[in-house]
Amino acid sequence: MLASGVDIQASPTHNVGLFATRPIPAGTALWLPCTKCSRWSKEEVAALPEERFTALDTYGHLLADGSLLLPCLGAYLMNHSCEANVLDFGLDFGLAVRDIAPGEEVTCDYATFVEDAGWSMECNCRTGSCRGRVTTAQGTEEHLAGHWRGRIEAALPLVARVEQPLHDVLAELSVPYQRILRGGTVLAEVASGVSVCAPAFMTA
Ligand SMILES: [Zn+2]
Ligand SMILES: [Zn+2]
């Protein structure tokens with residue numbers, strides 16, 4: 001599910017992308033896997049024709065249990081940037097890790113989807129820290145993972161202070177969000193046992 005304040009527009013680096021339509025403060029949760037997202041079980045994924053799987057894997061996420069999830073309501077159109085302003089690493093929602101101005105593209109880092117083993121793409125994000133080729137294996141490299149954790153932990157204390165357009169759904173479905181509202185600020189504790197790749201509502 002995608003938060004309000006984010007809309008689909010033409011993108012300079014991709015055909016389309018998601019853009020902020022109003023100021024989005026750091027600490028805002030901008031999307032999460034929800035019960036309305038489309039899902040294919042591990043068995044259904046195995047039975048998909050190659051072309052269909054490739055198309056779904058481009059926009060969807062392979063989850064920890066081998067199933068595939070296609071985020072609903074435009075959330076699947078969030079593009080990658082090597083300087084992403086939204087990170088989910090360990091969380092089961094995408095968190096704005098810095099303030100995002102109206103008109104700015106909202107981006108995440110596809111290397112955080114570490115369950116999607118072997119996935120890669122040529123990157124065209126044009127940022128100063130572009131890694132050229134983006135692979136999900138990069139998400140297990142400590143220098144990158146440590147950088148993401150630092151950025152997320154800096155934003156965690158802001159979560160309870162900013163307006164959360166997805167509050168009702170997060171409060172119902174997201175264990176990390178519930179832990180943050182109870183004062184959790186250490187990512188390893190907040191995210192223990194769940195992630196975008198293993199959402200709590202699917203295992204509950
Ligand atoms: Zn959804
Ligand atoms: Zn890049």
Residue under evaluation Leu87, criteria (1) under 28 Å from Glu172 (Cα atoms); (2) away from ligand 2 (no atom under 16 Å from the Cβ), criterion not met:
(2)
Answer yes if at least one residue in the range 111-126 is open to solvent by 10 Å² or more (accessible area, probe 1.4 Å), basic (Lys, Arg) and out of contact with any helix residue (DSSP H, G or I) (no Cβ under 7 Å at 6 or more places or on another chain), and no otherwise.
yes
Of everything in the range 69-92 that's open to solvent by less than 70 Å² (accessible area, probe 1.4 Å) and among the acidic types (Asp, Glu), which residue is farthest from ligand 1 (Cβ to nearest atom)?
Asp88
Condition first: acidic (Asp, Glu) and within 15 Å of the chain's Cα centre (by Cα). Now tell me which residues in the range 29-65 satisfy that.
Asp57
Take the residues in the range 128-159 that are modelled with pLDDT under 95 and among the β-branched types (Val, Ile, Thr), then tell me which one is most open to solvent (accessible area, probe 1.4 Å).
Thr140
Can you pull out the residues in the range 26-68 that are surrounded by 22 or more Cβ atoms within 10 Å (Cβ to Cβ), within 12 Å of ligand 1 (Cβ to nearest atom) and either among the hydroxyl-bearing types (Ser, Thr, Tyr) or touching a residue at least 60 places away in the same chain (Cβ under 8 Å) (or both)?
Trp31, Leu32, Pro33, Cys34, His61
Of the residues in the range 48-76, those that are in a helix (DSSP H, G or I) and farther than 17 Å from Asp88 by Cα number 9
Qualifying position, being in contact with a Phe, Trp or Tyr (Cβ under 7 Å, 6 or more places away or on another chain) and either open to solvent by less than 50 Å² (accessible area, probe 1.4 Å) or without any contact (Cβ under 8 Å) to a residue 24 or more places away in the chain (or both), among Val106, Val162
Val106
Go through the residues of the range 177-194 one by one and say whether even a single one is touching a residue at least 12 places away in the same chain (Cβ under 8 Å), touching a strand residue (DSSP E or B) at 6+ places or on another chain (Cβ under 9 Å) and either open to solvent by 10 Å² or more (accessible area, probe 1.4 Å) or assigned to a loop (DSSP other than H, G, I, E, B) (or both).
no
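The values are calculated or read from the model by the stated rules, or taken from the named source; none is laboratory data. Keep in mind the model is a prediction, meaning the values are calculated, not measured. Cβ coordinates were reconstructed from backbone atoms using ideal geometry, including for glycine residues, and neighbour counts include every protein chain displayed. Side chains included, ligands, DNA and RNA excluded: accessible areas come from the protein's heavy atoms. Shrake-Rupley method; radii C 1.70, N 1.55, O 1.52, S 1.80 Å.
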